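The values are calculated or read from the model by the stated rules, or taken from the named source; none is laboratory data. This one's a predicted model, so the numbers in the text were calculated from it and none came from an experiment. Positions of Cβ are generated from backbone atoms using ideal geometry, with glycine treated the same way; all protein chains shown enter the neighbour counts. Areas reflect the complete protein model, heavy atoms only, side chains present, ligands, DNA and RNA absent. Shrake-Rupley method; radii C 1.70, N 1.55, O 1.52, S 1.80 Å.
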Amino acid sequence: TRSTRPQRLLGAVQKNATRGDPCSVIQAIDHFCRNKEWAMNVGDEKGCILDAVVSEVNPATVLELGTYCGYSTVRIARLLPPDAKLITLEFNPDFAAIARQVIAWAGLEEKVQLVEGASGDWIPRMKEQFGVKTFDLVFLDHWKDRYLPDTKLMEECGILRKGSVLLADNVICPGTPDYLEFVRNSPRYESQYFKSHLEYTKVEDGLEKSVFLG
Ligand SMILES: Cc1ncnc2c1ncn2[C@@H]1O[C@H](/C=C/CNC(=O)c2cc(-c3ccc(F)cc3)cc(O)c2O)C[C@H]1O
Ligand SMILES: [Mg+2]
């Protein structure tokens, strides 16, 4: 049977990237998506903004919602200090299987814990299951109608601390209007919009960075 796009994306990584070299994995995926088949990775342009925020926060603990093929997982994990931990949630087993191989090809397995399951089920269990009290950085890139409910859930579960940074992809395209309205109007967040473009296109999109004020 015909391969899937994530399988072809993994093939491009295994063919063109060097094992243990995260930058070559990122470049291989961006080249594949720009020249062969578009895929919903955060991409190189928004990826540079993601890199800047990760470097600024220098997080010890990171939560990613929506792994997909692991592109942003690799982008973030490659910048983390040695004993930092990135937990990434993905409920589609086929995507999770591809992402594990992409993360392994980049040589970043030690820094990444990929959890197969729904964010709503796992956010309440972060403390007991993984011994993580709070997250310094959360990257939201899963179903767009889950950004707001999961943010409220993270607040309720106490996994955000004063200064925790939420970075949300696609706040313009496809758009997350309810989430954007919430973080921009809530007194508990200091929000900033980073204008960019939808991955591999000229369409406007951007990232919203929201600092939880406790
Ligand atoms: C609740 C929950 N828990 C765990 N994993 C979850 C989850 N909801 C989705 N996921 C997983 O994250 C991934 C989903 C991401 C959703 N992202 C998107 O739908 C998405 C869509 C576009 C886009 C833009 C313009 C167009 F014309 C077409 C598409 C661009 C992007 O950057 C995106 O992230 C894969 C899915 O299995
Ligand atoms: Mg996205």
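Structure data summary
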{"read-out": "Debye equation applied to the C-alpha atoms of the chain, log10 I(q)/I(0) at 0.13, 0.15 Å⁻¹", "value": "-0.68, -0.92"}
{"read-out": "Base-10 log of normalised Debye intensity for region 11-126 (one unit scatterer per alpha-carbon) at q = 0.15 Å⁻¹", "value": "-0.61"}
{"read-out": "Virtual spin-label span in nm between Q7 and L153, 7 Å along Cα→Cβ", "value": "3.0"}
{"read-out": "Theoretical FRET efficiency, 1/(1+(r/R0)^6), r = Cβ-Cβ of E204 and R161, R0 22 Å, to 0.05", "value": "0.10"}
{"read-out": "Cα-based reach from K85 at 14 Å (exclusive), listing aspartates and glutamates while leaving out same-chain residues under 8 positions away", "value": "E64, E109, E110, D136"}
{"read-out": "Average projection area in nm² (convex hull over Cα atoms of region 134-214, one quarter of hull surface)", "value": "4.9"}
{"read-out": "GNM top mover of S164, S55, S72 - the chain, alpha-carbon springs below 10 Å", "value": "S55"}
{"read-out": "Choice from N16, N41, N170 showing the highest fluctuation, given a GNM over the chain with Cα pairs closer than 10 Å", "value": "N16"}
{"read-out": "In region 124-175, the trypsin sites (Lys or Arg not before Pro) that fall in loop regions by DSSP, at most 15 other Cβ within 10 Å", "value": "K133"}
{"read-out": "Residue with peak Gaussian network fluctuation, the chain [Cα springs, cutoff 10 Å], from D121, D94, D145", "value": "D121"}
{"read-out": "Value of [θ]222 nm, deg cm²/dmol, for the chain, DSSP H segments ≥ 4, -39500 (n - 2.57) each, nearest 500", "value": "-12500 deg cm²/dmol"}
{"read-out": "Accessible area of the chain belonging to carbon and sulfur atoms, whole % at 1.4 Å probe", "value": "52"}
{"read-out": "DSSP-loop trypsin sites (Lys or Arg not before Pro) across region 1-97, with at most 12 other Cβ within 10 angstrom", "value": "R2, R19, K36"}
{"read-out": "Charged-residue dipole, Cβ positions (Lys, Arg, Asp, Glu), region 63-183 about Cα centre, Debye nearest 20", "value": "360"}
{"read-out": "Under-5 Å amide H pairs with T88, H placed in peptide plane, nonlocal only", "value": "E64, Q113, L114, V115"}
{"read-out": "Accessible area (Å², per residue) of region 134-207, counting only protein heavy atoms and a probe of 1.4 Å", "value": "45"}
{"read-out": "Lysines whose Cα lies under 20 Å from that of K209, excluding same-chain neighbours fewer than 8 positions away", "value": "K46, K144, K152, K162, K195"}
{"read-out": "Alpha carbon centroid spacing (whole Å) that separates region 1-49 from region 142-214", "value": "25"}
{"read-out": "Simple label model, 7 Å out from Cα along Cβ direction - D145 to Q101, nm", "value": "3.2"}
{"read-out": "Net lengthening on full extension, L213/A60 (0.36 nm per residue, minus Cα-Cα)", "value": "53.2 nm"}
